[in-house]
Amino acid sequence: MMWVYMIRSEMSPERTYVGSTSNLERRLAEHNTGKSSATYKFRPWVCEVKLWFADQGRAERFEKYLKSGSGRAFSRRHFWG
């Protein structure tokens with residue numbers, strides 16, 4: 001079981017991040033305490049979207065898609081407004 005999540009920086013709202021994890025609360029805490037090199041500069045982060053997948057492979061494929069060019073466009077259109 002996996003979560004695919006999208007977070008937004010409260011300090012710089014134009015900054016977003018997409019990830020996946022089996023423990024969403026722990027992972028968000030890691031982003032907000034600076035343990036993630038990709039997000040430590042723009043903390044604090046707030047979770048805007050979270051999607052639960054029963055299948056880890058599907059979650060990983062969806063995360064990879066969201067990080068692609070067409071996936072970013074999809075996210076802007078459907079999740080970020």
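FYI, it's all coordinate maths here, none of it is from the lab. Keep in mind that what you see is a predicted model, and the values were worked out from it rather than measured. All Cβ positions, even for glycine, are placed from backbone atoms using ideal geometry, and neighbour counts span all protein chains on display.
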### Message
How would VAL4, VAL46 line up from fewest to most surrounding beta-carbon atoms within 10 angstrom?
### Response
VAL46, VAL4
### the chain: relative contact order as a whole-number percent, Cα under 8 Å and 6+ apart
36
### Query
Given only helices, namely DSSP H runs of n ≥ 4 each adding -39500 (n - 2.57), what is the per-residue ellipticity at 222 nm of the chain, to the nearest 500 deg cm²/dmol?
-10000 deg cm²/dmol
### Message
Ignoring GluC sites (Glu not before Pro) that are buried or in helix or strand per DSSP, and keeping those with at most 15 other beta carbon atoms within 10 Å, what is the longest stretch of the chain between them?
### Response
15-81
### Task
Could you give the size of the charge dipole of the chain about its Cα centre, using +1 on the Cβ of each K and R and -1 on the Cβ of each D and E, expressed in debye and rounded to the nearest 20?
220
### Query
Given a Förster radius of 22 Å and the C-beta distance between GLU14 and ARG58 as r, what FRET efficiency does 1/(1 + (r/R0)^6) yield to the nearest 0.05?
0.15
### Task
Could you pull out which residues in the range 1-36 have an amide N less than 15 Å from a spot 7 Å beyond the Cα of GLU48, following the Cα-Cβ vector?
5-19
### Message
Charges on Cβ only, +1 for Lys and Arg, -1 for Asp and Glu, centred on the Cα centroid of the range 2-80; of SER68, SER36, GLN56, which one is farthest towards the dipole's positive end?
### Response
SER68
